[in-house]
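The values are calculated or read from the model by the stated rules, or taken from the named source; none is laboratory data. Note that the structure is predicted; figures quoted are calculated from it, not measured. Counting neighbours? That spans all protein chains shown, and the Cβs are built from the backbone with ideal geometry, glycine included.
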Amino acid sequence: MTPDIVPEDFEQVMGCTVADLLRALPAALPGARIDTDSGACVINGVFDDGTLKLAWQPLPARRIALLEIPRLQVRFRYTGMTDARRREVQRRFDLATQRGGG
């Protein structure tokens, strides 16, 4: 669930691989020009009204019995966007990258 206030700079742990994250980007950042530097572990989403820079580092997988969940520590850095626009972009990103059943 996306918070009401999305800060300009924050971190979160995502349960995915780098490949999963890269695959989700077109749906997660619609309307953005996406520049990826996998070697530096950085993604820049450039919108008309600002940018979102994602930087990640792999974490050890979480093991629960026989289940193994990959993890990434992802830093989000918004530049040039209003509070409302950050929330809109983050909400779309969260919806496109969420997993799970229900």
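Quick test for you: out of Asp20, Asp48, pick the one residue that is surrounded by fewer than 12 Cβ atoms within 10 Å (Cβ to Cβ) and of a type outside the set (Lys, Arg). Quick ask: steps written out before the conclusion?
Values: Asp20 fails: surrounded by fewer than 12 Cβ atoms within 10 Å (Cβ to Cβ).
Criteria check complete, one pass: Asp48.
Filtering the range 64-81 to residues that are farther than 19 Å from Phe10 by Cβ and not in a strand (DSSP E or B) leaves Ala65, Leu66. Checked against (1) part of a loop (DSSP other than H, G, I, E, B); (2) surrounded by 11 or more Cβ atoms within 10 Å (Cβ to Cβ); (3) β-branched (Val, Ile, Thr), Ile5 meets all criteria but (2). Exactly one residue out of Ala61, Ala84 is in a helix (DSSP H, G or I) and either surrounded by fewer than 16 Cβ atoms within 10 Å (Cβ to Cβ) or touching a Pro at 6+ places or on another chain (Cβ under 9 Å) (or both): that is Ala84. Cβ-Cβ distances below 6 Å connect the following pairs, each with a first residue in the range 58-83 that is in contact (Cβ under 8 Å) with a residue 12 or more places away in the chain, a second residue that is part of a helix (DSSP H, G or I) and surrounded by 12 or more Cβ atoms within 10 Å (Cβ to Cβ), and a separation of six or more residues or different chains: Tyr78/Arg86. All told, Gln98 meets the bar of being at pLDDT below 95 and under 24 Å from Ile5 (Cα atoms). Might you check whether a residue that is surrounded by fewer than 16 Cβ atoms within 10 Å (Cβ to Cβ), in a loop (DSSP other than H, G, I, E, B), at pLDDT below 95 and among the polar types (S, T, N, Q) occurs anywhere in the range 26-39? Among the residues of the range 26-39, at least one is surrounded by fewer than 16 Cβ atoms within 10 Å (Cβ to Cβ), in a loop (DSSP other than H, G, I, E, B), at pLDDT below 95 and among the polar types (S, T, N, Q), which makes the answer yes.
The set of residues in the range 1-13 being out of contact with any Lys or Arg (no Cβ under 6 Å at 6 or more places or on another chain), modelled with pLDDT of 95 or more and not polar (S, T, N, Q) consists of Pro7, Glu8, Phe10.
Close Cβ contacts (under 7 Å, 6 or more residues apart or on different chains) running from residues in the range 12-39 that are under 14 Å from Thr51 (Cα atoms) to residues that are part of a strand (DSSP E or B) and of a type in the set (D, E, K, R) are absent.
Residues in the range 87-102 that are touching a residue at least 40 places away in the same chain (Cβ under 8 Å) and not in a helix (DSSP H, G or I): Arg99 alone.
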